[in-house]
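This report refers to the structure that appears directly beneath it.
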Amino acid sequence: MPLSRLDNFLKNVKGNILYVDPSNLDATDGIENQGNSIARPFKTLQRALIEASRFSYQVGLDNDRFEKTSIYLFPGTHYIDNRPG
């Protein structure tokens, strides 16, 4: 099976599950990565949280979509950069 088909099979097309795996060699926090594929997850939890908040925002008052995005954390060491700025 070609990699593109495999990637399409492993991709969550709705975007409601984001994958984080710091030990995956294909993991990246680049702007082109959507994080909704097991084959190309996010590298950091912070990037997944930014995308989850972006998916939940809707224009208007009191209409944010809560509990619509899940973040799947693979085993490993996850570092959080908590510096101001």
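The values are calculated or read from the model by the stated rules, or taken from the named source; none is laboratory data. Quantities reported herein were computed from a predicted structural model and do not represent experimental measurements. As a convention, Cβ positions derive from the backbone with ideal geometry for all residues, glycine included, and neighbour counts pool all protein chains shown. Surface areas here come from the heavy atoms of the whole protein model, side chains and all, with no ligands, DNA or RNA. Shrake-Rupley method; radii C 1.70, N 1.55, O 1.52, S 1.80 Å.
The table that follows gives values for the structure above.
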| read-out | value |
| --- | --- |
| Near pairs, Cβ below 7 angstrom, 6+ apart or cross-chain, from region 32-55 (open to solvent by 20 Å² or more (accessible area, probe 1.4 Å)) to any residue that is among the hydrophobic types (A, V, I, L, M, F, W, C) and modelled with pLDDT under 90 | I38/L10; A39/L6; A39/L10; L45/I80; Q46/I80 |
| Count - residues of region 26-80 that are farther than 15 Å from N16 by Cα, of a type in the set (S, T, N, Q) and either touching a helix residue (DSSP H, G or I) at 6+ places or on another chain (Cβ under 6 Å) or in a helix (DSSP H, G or I) (or both) | 1 |
| Residue in region 6-24 that is open to solvent by less than 50 Å² (accessible area, probe 1.4 Å), assigned to a helix (DSSP H, G or I) and modelled with pLDDT of 90 or more present | no |
